[in-house]
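A.B. asks: Just dropping this structure here.
The values are calculated or read from the model by the stated rules, or taken from the named source; none is laboratory data. Bear in mind that the values here come from a model prediction, so they are computed numbers and not experimental data. For neighbour counting, all protein chains shown are included, and Cβ atoms are generated from backbone atoms with ideal geometry for every residue, glycine included. Surface accessibility is based on the protein's heavy atoms, side chains included, excluding ligands, DNA and RNA. Shrake-Rupley method; radii C 1.70, N 1.55, O 1.52, S 1.80 Å.
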Amino acid sequence: MLDGSSPDPPIDTDGHGTHTASTAAGNFLPNASYYGLAGGTAAGIAPHAHLAIYKVCTSAGCSISDVLAGIDAAVGDGVDVISISIGGFSTPFDKDPLAIGAFGAVTKGIFVSCAAGNSGPVERTLSNEAPWLLTVAASTVDRSQRATVKLGDGQKFNGESLDQYPTSSGSLLTLFHTDSDSYCKSLNSSQVEGKVVACSVYRTPSYTANLVKAAGGVGVILISTIIEGGIILDSRCNFPATKVSNEDGARITAYATSATKPTVSITYDGTVIGTSPAPVVAFFSSRGPSTNGPGILKPDVSGPGVNILAAWPSDVEGGDGRMDGKTFNFDSGTSMATPHLSGVAALLKSLHPGWSPAAIKSAIMTASDDKDRDGNQIMDQQHTTAGFFAMGAGHVNPSKAADPGLVYDLGIDDYIAYVCGKFGNTGARVIVRDTTVDCGKINNITESELNYPSIVVAPKNGTAATVKRTVTNVGQANSRYTVDVEVPTTVSVTVSPPSLSFSEVNQKKSFLVTAKWTTAGLPTRNAEANLKWVSDTRVVRSPLVVSIL
């Protein structure tokens, strides 16, 4: 075990660790809320699990030795799941301390869940890409802290606000906006005294609100950026405020600058449950393809990571100010999505103690949803279809994951064969942390040969490409599955055999997936499809990407 370098005590000084830990396994706590918003009984995903928390980061960052020491300590303590809400840059696996430490954990049967990173929506921005990790993207939930904007011409827009002012709710006021100062950096009282001001966010929402307040404004409509699109990140301004999407903001400012006497009211409606569309992949969630493993589809899955309410240290700024041990706060990021998946993994581990980390990952991925709560394709922040490189296989569905029917399993020897094929002796020995590894004596495999739950096929020069997968029956002993492949017209995909029959539990069956481009020449974009094994009671869905790589 490596010794950590930080002398700091293991105390949460910024709230991040408390928030993520309580999301994964916080106990039931009644009367939880944030200043009365999102009120109810709070609980983590696995509320009866035991928590062991290891501090590996400080305000100065996360050192290599601390990360490895924390993972090694968790392994030594005998944990079942490690949740790592630490992102960064794409790093070759043999030089990535987190990937190296996590490999050691997986060899002990420990499931490791990691944040995909917050560098989206740009492509190829993932961190934590190693195939033995569950790489988690972030998406929204169907809950809003509603603050509705109504313009004088009757247009209505649903915004969000953690500043709910019922005494001013619905009052009709003058609306002000000028395109020459859209960020509201140069306001004066003669312009905005007694008015509601529409502003693009400058620095932070609270900073922008303070600019309006200082100039004599009585309210602010904060407009999300083009990159944020339809995703609204909640924040508290201590001032009558609402934040709207970029699209709605454009309509509001168009009215404000064209109407002779523009007016507006903001109605504070509190917490609204059942909003649509949801889930939506967050703009900040890092996107694939994987830089260091392009033949493996990453991220793996998405989970709730936008405006998540969870516990917060009472002595750290940002919480709701309660000093009764029930301090909560909203936060967003793939850091928030990751503990949701870690909690699901803990529940699956409890339900199926004999399953390997790869089997648990397979259940989570193949049981995930690619449709939103209204039955439509999951969208991204621009309200366009979110591809697999944004959402992973789909949005986590814990109930379905508990009984997946079939799993794509992998063992440590499979991972060693993979890292040998990718890095040779030098890199493999670093990752495995064993100087006796001899890749010359191992049947090395490529990324396409790894028995992963998602599938990437890369046909070249008009020829077909084939990959092999093996599934293990973890459902009924006697069961039969028939293949169903949903593909765009640009590719042709065949699966052989087209059906799989099982006569016992844990029986394995293999199949081949062959893909070919149907268009002349090599296309400029990947093609995405779903490969489903369908029985009378289950659908086992794998995302399939026909790649131009």
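A.B. asks: Considering only residues that are touching a Ser or Thr at 6+ places or on another chain (Cβ under 6 Å) and surrounded by 18 or more Cβ atoms within 10 Å (Cβ to Cβ), look in the stretch 28-77 and name the one that is modelled with the lowest pLDDT.
C.D. replies: Filtering first and then ranking leaves Asp66.
A.B. asks: A further question on this structure: Quick check on the stretch 448-456. Is at least one of its residues more than 28 Å from Val106 (Cβ to Cβ) and modelled with pLDDT of 95 or more?
C.D. replies: Taking every residue of the stretch 448-456 in turn, none turns out to be more than 28 Å from Val106 (Cβ to Cβ) and modelled with pLDDT of 95 or more.
A.B. asks: Any residue at all in the stretch 164-179 that is without any contact (Cβ under 8 Å) to a residue 24 or more places away in the chain and of a type outside the set (Gly, Ala, Ser)?
C.D. replies: Checked against the condition, which is being without any contact (Cβ under 8 Å) to a residue 24 or more places away in the chain and of a type outside the set (Gly, Ala, Ser), the stretch 164-179 yields at least one hit.
A.B. asks: Could you say which residue among Ser276, Ser286, Ser302 is hydroxyl-bearing (Ser, Thr, Tyr), in contact (Cβ under 8 Å) with a residue 40 or more places away in the chain and within 20 Å of Thr366 (Cβ to Cβ)?
C.D. replies: None of the other options fit; the residue is Ser302.
A.B. asks: Please go through the stretch 283-315 and give me each residue that is open to solvent by 20 Å² or more (accessible area, probe 1.4 Å), farther than 30 Å from Ile226 by Cβ and hydrophobic (A, V, I, L, M, F, W, C), ordered by number.
C.D. replies: Those that are open to solvent by 20 Å² or more (accessible area, probe 1.4 Å), farther than 30 Å from Ile226 by Cβ and hydrophobic (A, V, I, L, M, F, W, C): Ala311, Trp312.
A.B. asks: Name the single residue, out of those in the stretch 345-359 being under 18 Å from Ala25 (Cα atoms) and of a type in the set (A, V, I, L, M, F, W, C), that is surrounded by the fewest Cβ atoms within 10 Å (Cβ to Cβ).
C.D. replies: Among those that are under 18 Å from Ala25 (Cα atoms) and of a type in the set (A, V, I, L, M, F, W, C), it is Leu351.
A.B. asks: Can you tell me which residue is surrounded by the fewest Cβ atoms within 10 Å (Cβ to Cβ) among those in the stretch 360-397 that are assigned to a helix (DSSP H, G or I) and β-branched (Val, Ile, Thr)?
C.D. replies: For the stretch 360-397, the residue satisfying everything is Ile360.
A.B. asks: Return yes when Ser119 is of a type in the set (Ser, Thr, Tyr), modelled with pLDDT of 95 or more and buried (at least 24 other Cβ atoms within 10 Å of the Cβ) and no when it is not. Spell out how you get there, then give the answer.
C.D. replies: Details: of a type in the set (Ser, Thr, Tyr): yes; modelled with pLDDT of 95 or more: yes; buried (at least 24 other Cβ atoms within 10 Å of the Cβ): no.
Considered against the rule, which asks whether it is of a type in the set (Ser, Thr, Tyr), modelled with pLDDT of 95 or more and buried (at least 24 other Cβ atoms within 10 Å of the Cβ), Ser119 comes out as no.
A.B. asks: What residue, among those in the stretch 512-538 that are aliphatic (A, V, I, L, M) and over 23 Å from the mean Cα position of the chain (by Cα), is modelled with the lowest pLDDT?
C.D. replies: Top of the filtered list is Leu522.
A.B. asks: Let me confirm something: among Gly462, Gly421, which residue is within 28 Å of Glu528 (Cα to Cα), in a loop (DSSP other than H, G, I, E, B) and small (Gly, Ala, Ser)?
C.D. replies: Residue meeting the stated conditions: Gly462.
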